[in-house]
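What follows draws every value from the coordinates through simple rules; no lab data is involved. Predicted model only: the values in this text are computed from it and were never measured. Here Cβ is always computed from backbone atoms with ideal geometry, including for glycine, and neighbour counts include all displayed protein chains.
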């Protein structure tokens, strides 16, 4: 039965090497939790409640911006460490992901790839 368990490894996280927009490997890495981690599951449930509230906003642009911010915060929850000089806070991670959406996409794909946490 234990060979199916993913939660513990998801909670430990895994290093994700970062690539520059040119495709060249950088010196930087991010430690990422898996989607089965307790922290992510909790934030995901909270985000679903907030998203339901945001759906009631009348202003389409306000709703779009709020949902985009909510998605970035959810992805930022997966980041538990990095090699940048800046402190790895939620605010710093969200700002980084907003300016580097390709990294947000990479983190999202990596965290959902359960197999990556077993290699």
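For region 1-84, the helices (runs of 4 or more DSSP H) that sit wholly inside it and include 2 or more residues that are closer than 21 Å to residue 100 by Cα, in contact with a helix residue (DSSP H, G or I) (Cβ under 9 Å, 6 or more places away or on another chain) and without any contact (Cβ under 8 Å) to a residue 40 or more places away in the chain are 60-77. When region 103-119 is filtered for residues that are out of contact with any helix residue (DSSP H, G or I) (no Cβ under 8 Å at 6 or more places or on another chain) and either within 14 Å of residue 29 (Cα to Cα) or surrounded by fewer than 12 Cβ atoms within 10 Å (Cβ to Cβ) (or both), the ones remaining, listed by number, are 106, 109, 115, 119.
Considering only residues in region 17-36 that are surrounded by 14 or more Cβ atoms within 10 Å (Cβ to Cβ) and out of contact with any strand residue (DSSP E or B) (no Cβ under 9 Å at 6 or more places or on another chain), the one that is farthest from residue 7 (Cα to Cα) turns out to be 35. The lone criterion from (1) part of a helix (DSSP H, G or I); (2) under 23 Å from residue 7 (Cα atoms); (3) out of contact with any strand residue (DSSP E or B) (no Cβ under 7 Å at 6 or more places or on another chain); (4) touching a residue at least 40 places away in the same chain (Cβ under 8 Å) left unmet by residue 117 is number (3).
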